Amino acid sequence: MIRNMDGLLRMAASGKRHMLVVACAQGKEVLRAIWTAHKAGIAEAILVGDKLQIRKAAETSQIYMDDFSIVHEPDREAACRKAVSLIREGKASALMKGQVDTPVLMRAVLDRSEGLRGDALLSHVALLDLRRLERPLLLTDAALNIAPGLEEKKKILENAVRVAHALGNPLPIVACLCATEKVNLKMPATLDAAKLVKASQHGKLPGYQLFGPAALDNALFPAAAKYKGMESPPAGCADILLAPDIEAGNMLYKAFTCIAKAKAAGVVVGARAPIILASRTDSRETLIQSIALALVLSAYDASGGCL
């Protein structure tokens, strides 16, 4: 089981290198991150996009491009479709967004006949390395699902738990985040949390432990859970935080990364391959860590969940 972000990078570099395909790869920061990940033994890459712009960006950044395959496709929508097709053909095992708007890439991903959509719900999982915690923390969903209902939350949890398993945690603890640890009829998130706990107690949610409703402090710290009279463990020992909606998840992610200065990685799961939705505000460190997370997950899936 990894303990921090350095452990993730070591895990990603310890096995066979997996192939990453980048849609519209002409962005300098994305190229620099891919080059650094490649030098660290984490990734091989296929770059799809405008070949002239890719080479120009690489030259400006002093990146040696002969280590990568380049597929020339200057049209952004066509480049996204081509990147997706390389995943479908088994030539790459993870997809990364380059210099293209997210909706354009996601149209190619979600295309029912030629995309990467499977039976699962797509959701975003963030991996966070916080100084105050002696364990990695997963947060979901801070980016895709706006106001998930109970059944959607179960699917979001399935995705996050699979990421936890890939990182070496065989039985992660999930906290259903709410504004309070008490069930309140006027707060739907607390009702969902109570229903999820009941399902978990009846053995309907295998592969993880779950508690809630839980406020953030008693989700993460046993002393806070004990003070509130919550049974511990697992209360106070969460490995995964389930946000009640995208607003709470997004604000919490940015508070962790911008204020608490947590190291972060993010991946979209639930498709036929992990997807990295690189943001213009992501640091190079975050991009590299996201590449590592996506490729660790793809290796775990390729092994049939036996890493």
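The values are calculated or read from the model by the stated rules, or taken from the named source; none is laboratory data. Given the structure is predicted, the values throughout are model-derived calculations rather than measurements. Cβ atoms come from the backbone with ideal geometry, glycine included; neighbour counts cover every protein chain shown. These area figures cover heavy atoms from the full protein model, side chains too; ligands, DNA and RNA do not enter into them. Shrake-Rupley method; radii C 1.70, N 1.55, O 1.52, S 1.80 Å.
Write down the accessible area per residue of the chain in Å², having rolled a 1.4 Å probe over the full set of protein chains.
In whole numbers, the chain has 47 Å² accessible per residue.
Would region 119-266 count as rounded, prolate or oblate if I go by the C-alpha gyration tensor, calling it rounded below 1.5 in a/c and otherwise prolate when a/b exceeds b/c, oblate otherwise? Rounded. Taking Lys261 as the anchor, which aspartates and glutamates have their alpha carbon closer than 14 Å to its alpha carbon, excluding any fewer than eight residues away along the same chain? Within reach: Asp129, Asp282, Glu285.
Oblate is the label for region 35-155. Its Cα gyration tensor axes, ordered a ≥ b ≥ c, give a/c of at least 1.5 and b/c at or above a/b. Where both bridge residues fall in the chain, DSSP classifies roughly 30% of the beta bridges as antiparallel.
For region 183-274, with equal point scatterers placed on the C-alpha atoms only and solvent neglected, what are the log10 I(q)/I(0) values from the Debye formula at q = 0.10, 0.12, 0.26 1/Å, to two decimals? Log10 of I(q)/I(0), two decimals: -0.32, -0.46, -1.36. Quick one: P(r) of region 240-296 from all Cα-Cα pairs, 10 Å bins, percents rounded to integers, in order of increasing distance. It works out to 21, 51, 27, 1, in whole percents. The ellipsoid equivalent to the alpha-carbon distribution of the chain has semi-axes of 35, 19, 17 angstrom, derived from the gyration tensor eigenvalues as √(5λ) and listed largest first. So if the hydrodynamic radius of region 18-73 is defined as the Kirkwood radius over C-alpha pairs, what does Stokes-Einstein give as its diffusion coefficient at 25 °C and 0.890 mPa s, in µm² per second? After rounding, the answer is 227 µm²/s. Which entries in the list Lys153/Lys198; Lys155/Lys198; Lys16/Lys155 go over 20 Å, if you measure between the two C-alpha atoms of each? Listed pairs above 20 Å: Lys16/Lys155.
Taking the chain as a Gaussian network of alpha-carbon nodes connected by springs under 10 Å, the highest mean-square fluctuation of the residues Ala45, Ala238, Ala78 belongs to Ala78. Among rounded, prolate and oblate, which fits region 97-162 when a ≥ b ≥ c are the square roots of the eigenvalues of its C-alpha gyration tensor, a/c under 1.5 means rounded, and a/b larger than b/c means prolate? Oblate.
Would you tally the net charge around Asp301, using a Cβ to Cβ cut-off of less than 12 Å, leaving Asp301 out, and scoring K and R as +1, D and E as -1?
Residues near Asp301 contribute +2 overall.
I'd like the carbon and sulfur percentage of the solvent accessible area for the chain, probe radius 1.4 Å, heavy atoms only, ligands and nucleic acids excluded. Exposed carbon and sulfur together represent 51 percent of the surface.
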